[in-house]
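The values are calculated or read from the model by the stated rules, or taken from the named source; none is laboratory data. Values in this document were obtained by computation on a predicted structure and should not be read as measured data. Because the Cβ atoms are built from the backbone with ideal geometry, glycine has one as well, and the counts that use them run over all protein chains shown. Heavy atoms of the whole protein, side chains included, go into the accessibility calculation; ligands, DNA and RNA do not. Shrake-Rupley method; radii C 1.70, N 1.55, O 1.52, S 1.80 Å.
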Number of protein chains: 2
Amino acid sequence: MPRRDALPRLAAMQPTPSSTPPTWLDLAADDPFGIDNLPYGVFSTEGTAPRVGVRVGDRVLDLAPCAEDAGMESALVWRAETLNPFLALGAHAWRSAREWVTEILVNDSYRDAVEPHLLPLSDVTMHLPIAVADYVDFYASEHHASNVGRIFRPDSEPLTPNWKHLPIGYHGRSGTVVLSGTDIVRPCGQRKPPTADAPTFGASQRLDIEAELGFVVGGSTDLGEPVPLDRADEHLFGVVILNDWSARDIQAWEYVPLGPFLGKSFATSISPWVVTMDALRAARVPLPGQDPAPLDYLRGAPTEDGASTAYGLDIDYEVEWNGTVVSRPAYRDMYWSPAQMLTHLTVNGATVRPGDLFGSGTVSGPAKETRGCFLELSWSGQEPVRLGDGSERTFLEDGDTVVLRASAPGPHGTRIGLGECSGTVRPARTP
Amino acid sequence: MPRRDALPRLAAMQPTPSSTPPTWLDLAADDPFGIDNLPYGVFSTEGTAPRVGVRVGDRVLDLAPCAEDAGMESALVWRAETLNPFLALGAHAWRSAREWVTEILVNDSYRDAVEPHLLPLSDVTMHLPIAVADYVDFYASEHHASNVGRIFRPDSEPLTPNWKHLPIGYHGRSGTVVLSGTDIVRPCGQRKPPTADAPTFGASQRLDIEAELGFVVGGSTDLGEPVPLDRADEHLFGVVILNDWSARDIQAWEYVPLGPFLGKSFATSISPWVVTMDALRAARVPLPGQDPAPLDYLRGAPTEDGASTAYGLDIDYEVEWNGTVVSRPAYRDMYWSPAQMLTHLTVNGATVRPGDLFGSGTVSGPAKETRGCFLELSWSGQEPVRLGDGSERTFLEDGDTVVLRASAPGPHGTRIGLGECSGTVRPARTP
């Protein structure tokens, strides 16, 4: 029987091994939350305060007491009720922490010290992982933007002239970013069908989803100092699945000229586990191609491993509507890269703060069965979607549940799970 | 000589008198920061932490130690580094606090206890008064929206069809809201003149201001629960002068279809003193008129004093460019009321949080000399503005300083000062 030590301090750590590390944890080889994943979230157990944990298999590693046992000062950031203090520490700290967590879960000699801090997932309540600072939503799928253009502006070119020159984005409401599982109250508002003379007020009749990837940002910058493309990774901490609930009728009436507002701001759901960009290294893929070449500040450069700083991500999505998978979008089809979005966001000198969140925009591919919103999937309501129970849908009905799931290739033939992001539609509240 | 007591607890307070209260403070009758104003801000003195203060004349009342001397629990919220904890307490607490502050500044028997906590304005450093939660910018001036429509979309109707049916708004970047006096680095970005084939990258050539009123929001609501118009005042704490710095060339290229983004997000300045809505009661005026009548949820109702819940505000602005007053916009010309904006913002069930901030949009009147931005004032650069030194301007040059000032009628023939919001343009930083 191996000797078991007290927990090591960070300073004493070994570098992460380059092959799949064996672990003393009882994990299936194909567990999407295996030792290559290790996403961060915020959890509580009955009677305890929310704090930071790492998911491994069906358990949650309670980081703060582990770090306290090891005499580490970083325990403090993991006692926080959000990931923000940890995000503030920056990329170097994130990498060290990942190496330390990997080490204590891999090295059998730490087993006795760690096991008391592994809690069954079924015993914990998850919380919103970040206090969202600024929330920006991009529009990075050429297929989605083209489809929406055809539907919303049938008399114009599908893509606006700026679309291939810059990643179009807008600010959303950070106060209504909610955790997966939160009920979505059908929003009321003004809508005006093209044939009507005046708008009417009432519950949205065209309630939709948008399957997106959400990027969680860390570190901070000074006002006036852009983040160049080759340093964007220093601020990209990780990803969540994001559902940008959208009321298409409210949006269509309000969005010219200043963009979407109430059609989006009633709720945005995110999955509870933030999968780190480090866990997604094996999922990096080249972009599908950018023509015309973007301006210099958005142009990728070769990295040490022969890839580009403007990389895409090979993430598979599943959109489930009342138990029926109705679409399988693929993130590798996205036109603009994560680093390009972050760099564009700051090129005017805007700061980033720990807890900033930006969405990719709807993940849609070229084929109908890869469209990431129901506006596209039902082609604005003209082509109903058949569910497993034989019923048909165009937009969301009260009581409908949507679950988004996603996963990516891991470094050793495994899959990296992003978990799921779900929500159920509740009836509008009439004033 | 009157007897002087220790400070009273809130419970022992008298109602605010209905005529101008005499005060033991040495204040000129026309001081814009007289006893009828009492705005809140966050200040520090050398070697001390930022905390909440009230401005009276050229002095700052250090609230926390006053409240501590009086044995009040509310001292805690005034020890905070932002107004947010105080804002969280809601409208009832704000009113009680205002009555208490008035009482201790008016009643001579508290003079000895209060005077040690009155600090000269020249000895304090001001800080951003709120941690901005969500920042929304409206577009509530018909004159501004019409002028911008004529300039940006010369081939269309000046106002979009939705404009008179709803207060158009969009979310801005809360992380780049800065205090008056903060230097503004000229932003870089993409711009494409209509005659060019492709966009180019560089420093904005059309840097502009927007003279706005910013509304500071307090209290909080539950997701899915709109704030009806007749309860909007419960969430409207006060106002600041707001300068929505705008890069018109960046904005023009990016804003279709999802609205302004980098053309606005580099900086938004606000004045340091939050003037409460209570201090602006005498400045309430009827709106200029709304035709067509808005939908029910936006329609004002008569209040006890015969006014409307959808009231306007009689605030005079002064826009000073390098020392020359170039415009005098009037807030009473605004089409949409503060309560209508807040109600619209939440009608879809979006929550409000303490520290939310919304801007009115540029305050512009019908006459040229009342236009609140340089895009309008110079008619997109075609009509240069002459400054006092004989120089001419269209948009901002490096080194230019803009100061916005504002004031409103007070309850006793006095003026309520909003102070000023200033910024100086610094050269772009080239990557």
Out of (1) within 10 Å of chain A (Cβ to nearest Cβ); (2) touching a Gly at 6+ places or on another chain (Cβ under 7 Å); (3) open to solvent by less than 10 Å² (accessible area, probe 1.4 Å), the one residue B:269 does not meet is (1)
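Can you go through A:417, A:399, A:372, A:413 and tell me which one is over 30 Å from residue B:204 (Cβ atoms), open to solvent by 10 Å² or more (accessible area, probe 1.4 Å) and modelled with pLDDT of 95 or more?
A:399
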Filter the range A:336-355 for residues that are more than 8 Å from chain B (Cβ to nearest Cβ) and among the β-branched types (Val, Ile, Thr); the one that is surrounded by the most Cβ atoms within 10 Å (Cβ to Cβ) is A:343
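May I ask you to say which residue of A:232, A:198, A:211 is outside the structural domain of residue A:84 (by TED's automatic domain parsing), open to solvent by 30 Å² or more (accessible area, probe 1.4 Å) and more than 18 Å from residue B:345 (Cβ to Cβ)?
Details: A:232 fails: open to solvent by 30 Å² or more (accessible area, probe 1.4 Å); A:211 fails: open to solvent by 30 Å² or more (accessible area, probe 1.4 Å).
Residue meeting the stated conditions: A:198.
If a residue must be of a type in the set (S, T, N, Q) and either modelled with pLDDT of 95 or more or touching a Gly at 6+ places or on another chain (Cβ under 7 Å) (or both), how many such residues does the range A:1-59 contain?
Taking the range A:1-59 and keeping what is of a type in the set (S, T, N, Q), we get A:14, A:16, A:18-20, A:23, A:37, A:44-45, A:48.
Narrowing the set further to residues that are either modelled with pLDDT of 95 or more or touching a Gly at 6+ places or on another chain (Cβ under 7 Å) (or both) leaves A:37, A:44-45, A:48.
Residues in the range A:1-59 being of a type in the set (S, T, N, Q) and either modelled with pLDDT of 95 or more or touching a Gly at 6+ places or on another chain (Cβ under 7 Å) (or both): 4 in total.
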In the range A:384-431, anything of a type in the set (A, V, I, L, M), part of a loop (DSSP other than H, G, I, E, B) and closer than 16 Å to residue A:324 by Cβ is listed as A:387, A:396
Residue pairs within 6 Å by beta carbon, gap of at least six or interchain, first lying in the range B:84-100 and in contact (Cβ under 8 Å) with a residue 40 or more places away in the chain, second in a helix (DSSP H, G or I), listed first then second, are B:85/B:77; B:86/B:77; B:91/B:234; B:96/B:10; B:100/B:10
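Within the range B:356-369, work out how many residues are open to solvent by 10 Å² or more (accessible area, probe 1.4 Å) and in contact (Cβ under 8 Å) with a residue 40 or more places away in the chain. Break it down stepwise before answering.
Restricting attention to the range B:356-369, the residues satisfying the condition of being open to solvent by 10 Å² or more (accessible area, probe 1.4 Å) are B:366-369.
Those still in the list that are in contact (Cβ under 8 Å) with a residue 40 or more places away in the chain too: B:366, B:369.
Residues in the range B:356-369 being open to solvent by 10 Å² or more (accessible area, probe 1.4 Å) and in contact (Cβ under 8 Å) with a residue 40 or more places away in the chain: 2 in total.
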Among residues of the range B:245-254 being crowded, with 24+ Cβ neighbours inside 10 Å and either among the aliphatic types (A, V, I, L, M) or part of a loop (DSSP other than H, G, I, E, B) (or both), the residue farthest from the chain's Cα centre (by Cα) is B:250
Looking across the range A:160-202 at residues that are more than 10 Å from chain B (Cβ to nearest Cβ) and of a type in the set (A, V, I, L, M), the single one that is nearest to residue A:132 (Cα to Cα) is A:177
Per the filter on the range B:203-229, residues more than 8 Å from chain A (Cβ to nearest Cβ), of a type in the set (A, V, I, L, M, F, W, C) and assigned to a loop (DSSP other than H, G, I, E, B) are B:209, B:227
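Give the residues of the range A:186-198 that are assigned to a loop (DSSP other than H, G, I, E, B) and within 17 Å of residue B:226 (Cβ to Cβ), sorted by residue number. Steps first, please.
At the first step, the residues of the range A:186-198 found to be assigned to a loop (DSSP other than H, G, I, E, B) are A:186-187, A:192-198.
Residues satisfying the conditions are A:186, A:187.
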The one condition residue A:183 fails out of (1) open to solvent by 40 Å² or more (accessible area, probe 1.4 Å); (2) within 18 Å of the chain's Cα centre (by Cα); (3) farther than 18 Å from residue A:339 by Cα is (2)
Only unsatisfied item for residue B:254, checking (1) in contact (Cβ under 8 Å) with a residue 12 or more places away in the chain; (2) more than 11 Å from chain A (Cβ to nearest Cβ); (3) charged (D, E, K, R), is (2)
If we keep only residues of the range A:37-63 that are over 19 Å from residue A:355 (Cβ atoms) and basic (Lys, Arg), then the residue surrounded by the most Cβ atoms within 10 Å (Cβ to Cβ) is A:55
Only one of (1) open to solvent by less than 10 Å² (accessible area, probe 1.4 Å); (2) within 14 Å of another protein chain (Cβ to nearest Cβ) does not apply to residue B:283, and that is (2)
Report whether or not residue A:365 is within 29 Å of residue A:87 (Cβ to Cβ), assigned to a loop (DSSP other than H, G, I, E, B) and either among the small types (Gly, Ala, Ser) or modelled with pLDDT of 95 or more (or both). no
**OP:** Looking only at the range B:379-396, decide whether some residue is in the same structural domain as residue B:332 (by TED's automatic domain parsing), closer than 17 Å to residue B:210 by Cα and among the acidic types (Asp, Glu).
**Re:** no
Note on the range A:131-159: residues more than 7 Å from every other protein chain (Cβ to nearest Cβ), hydrophobic (A, V, I, L, M, F, W, C) and closer than 30 Å to residue A:51 by Cβ are A:131, A:132, A:136
Of those in the range A:147-173 that are closer than 22 Å to residue A:206 by Cα and part of a loop (DSSP other than H, G, I, E, B), the residue least open to solvent (accessible area, probe 1.4 Å) is A:173
Every listed condition ((1) of a type in the set (Val, Ile, Thr); (2) closer than 24 Å to residue B:407 by Cβ; (3) in contact with a helix residue (DSSP H, G or I) (Cβ under 6 Å, 6 or more places away or on another chain)) holds for residue B:124 save (3)
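Just to check your reading of the model, which residue among A:219, A:214, A:224, A:289 is among the small types (Gly, Ala, Ser), modelled with pLDDT of 95 or more and under 30 Å from residue A:185 (Cα atoms)? Break it down into steps so the answer makes sense when it comes.
On the way: A:219 fails: under 30 Å from residue A:185 (Cα atoms); A:224 fails: under 30 Å from residue A:185 (Cα atoms); A:289 fails: under 30 Å from residue A:185 (Cα atoms).
On inspection, the qualifying residue turns out to be A:214.
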Expected output for the range B:305-323 (first residue at negative phi, partner among the polar types (S, T, N, Q) and open to solvent by less than 10 Å² (accessible area, probe 1.4 Å), Cβ below 6 Å, 6+ apart or cross-chain) is B:310/B:337; B:310/B:340; B:311/B:337; B:312/B:337; B:319/B:327
Please verify whether the range A:288-306 includes one or more residues that are more than 14 Å from chain B (Cβ to nearest Cβ), among the aliphatic types (A, V, I, L, M) and under 28 Å from residue A:413 (Cα atoms).
no
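Residue B:86: in contact with a strand residue (DSSP E or B) (Cβ under 8 Å, 6 or more places away or on another chain) and within 12 Å of another protein chain (Cβ to nearest Cβ), yes or no? Write out each step before concluding.
Details: in contact with a strand residue (DSSP E or B) (Cβ under 8 Å, 6 or more places away or on another chain): yes; within 12 Å of another protein chain (Cβ to nearest Cβ): no.
Answer is no for this residue.
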